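This report concerns only the one structure given below.
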Amino acid sequence: MAIAIVPFGVGGVVMNILNYAQHGLRDYSSFGIWLIAVGINGYGTIWNIMAALGLFRRSDSLDAPRHGIR
């Protein structure tokens with residue numbers, strides 16, 4: 001998962017910024033839409049980094065049973 005974050009993060013956040021720097025708003029209907037695109041991709045990249053670092057793991061005592069009833 002950590003390896004996948006690099007191309008997804010680059011493809012989403014960095015490419016939107018580079019496209020804006022090189023071509024302006026040619027590919028976007030407005031600056032607000034461009035800003036939303038960067039924000040959504042940045043938000044997703046942050047959550048993916050947190051997941052790759054294991055920040056969403058539960059402790060053993062809080063794990064719900066996966067199959068059946070205890």
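Would a scan of region 14-29 turn up a residue that is among the hydrophobic types (A, V, I, L, M, F, W, C), within 11 Å of the chain's Cα centre (by Cα) and at pLDDT 75 or above?
Filtering region 14-29 down to residues among the hydrophobic types (A, V, I, L, M, F, W, C) leaves 14-15, 17-18, 21, 25.
From what's left, within 11 Å of the chain's Cα centre (by Cα): none.
No, the conditions are met nowhere in region 14-29.
Where in region 1-59 are there helices (runs of 4 or more DSSP H), lying wholly inside it, with at least 2 residues that are loosely packed, with under 11 Cβ neighbours inside 10 Å and in contact (Cβ under 8 Å) with a residue 24 or more places away in the chain? Explain how you work it out, then say what you get.
Values: elements: 2-9, 15-23, 31-52.
Answer list for region 1-59: 2-9.
The values are calculated or read from the model by the stated rules, or taken from the named source; none is laboratory data. Since the model is a prediction, treat every value here as computed from it, not as a measurement. Methodologically, a virtual Cβ is constructed for each residue, glycine included, from the backbone with ideal geometry; neighbour enumeration extends over all protein chains shown.
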